[in-house]
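The block underneath contains the structure these notes are about, expressed in structure tokens.
The values are calculated or read from the model by the stated rules, or taken from the named source; none is laboratory data. In this text, all values refer to a predicted model and were calculated from it rather than measured experimentally. Here the Cβ positions follow ideal geometry from the backbone for every residue, glycine too, while neighbour counts run over all protein chains shown. Side chains are part of the model used for accessible areas, which takes the heavy atoms of the whole protein and leaves out ligands, DNA and RNA. Shrake-Rupley method; radii C 1.70, N 1.55, O 1.52, S 1.80 Å.
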Amino acid sequence: EMGMGRVLVNGRLFQEWDVRQFRRAVSVVSQQVSVFSLSIRENLLYGLDDRARLARGFEGPDKKTKGDAELQEVLEKAAAWDFVKDFPMRLETRLGDGSVKLSGGQTQCLAIARALVKKPACLLLDEATSALDNESERIVQAALDEIMAKMKRTTVVIAHRLSTIRHADK
């Protein structure tokens with residue numbers, strides 16, 4: 001009969017999940033992403049609360065050592081470190097109005113890095129490469145393929161291009 005299905009997340013009915021808990025476990029990268037008129041560091045940490053920032057070393061005494069090392073690692077996974085390292089102020093580089101302007105591909109890579117910083121249980125990619133030119137799409141797609149292959153997490157990919165899902169297992 002129509003409408004009689006169930007949606008399970010980790011074996012639990014979706015309705016049983018606390019909405020805030022569920023949202024903390026999911027990161028979304030959409031086709032149209034935004035960067036904020038903040039530093040690259042602040043853009044990457046946007047989804048984390050103060051307690052998480054401090055606990056993971058992104059704020060406080062470990063900021064320049066442990067925190068920066070983790071952000072560099074995430075940027076490398078998202079194919080963004082190659083351009084971030086070339087900015088004189090690296091993670092402190094300001095983006096947006098009157099500051100550094102990123103290309104579409106760079107913006108998309110930064111959005112992927114921001115999603116990964118959260119360490120989500122589920123990564124949702126909604127046409128994450130469709131707005132890019134062919135070269136940017138190739139770079140971003142290679143980064144996403146590597147992330148999906150190496151990281152043990154659920155990745156849901158919504159795409160029109162077959163090339164976007166060629167390495168999907170289901």
If I filter the stretch 115-147 down to residues being open to solvent by 60 Å² or more (accessible area, probe 1.4 Å) and over 19 Å from R23 (Cα atoms), which single residue comes out as modelled with the lowest pLDDT?
A131
Could you check the stretch 28-41 and list, in sequence order, the residues that are open to solvent by less than 50 Å² (accessible area, probe 1.4 Å) and polar (S, T, N, Q)?
S30, S39
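Which one is farthest from F58 (Cα to Cα) among residues in the stretch 109-134 that are outside any helix (DSSP H, G or I) and not hydrophobic (A, V, I, L, M, F, W, C)?
D133
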So which helices (runs of 4 or more DSSP H) are wholly in the stretch 32-108 and hold at least 3 residues that are under 21 Å from Q141 (Cα atoms) and of a type outside the set (K, R)?
68-77, 81-84
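Would you please name the residue that is surrounded by the fewest Cβ atoms within 10 Å (Cβ to Cβ), looking only at residues in the stretch 2-27 that are under 30 Å from L132 (Cα atoms) and either out of contact with any helix residue (DSSP H, G or I) (no Cβ under 7 Å at 6 or more places or on another chain) or charged (D, E, K, R) (or both)? Write out each step before concluding.
Applying the first criterion (under 30 Å from L132 (Cα atoms)) to the stretch 2-27 yields 22-27.
Adding the requirement that they be either out of contact with any helix residue (DSSP H, G or I) (no Cβ under 7 Å at 6 or more places or on another chain) or charged (D, E, K, R) (or both) leaves 22-26.
On the way: F22: 15, R23: 13, R24: 17, A25: 17, V26: 16.
The residue in question is R23.
Take D62 and tell me if it is acidic (D, E) and either open to solvent by less than 30 Å² (accessible area, probe 1.4 Å) or touching a residue at least 60 places away in the same chain (Cβ under 8 Å) (or both).
Answer is no for this residue.
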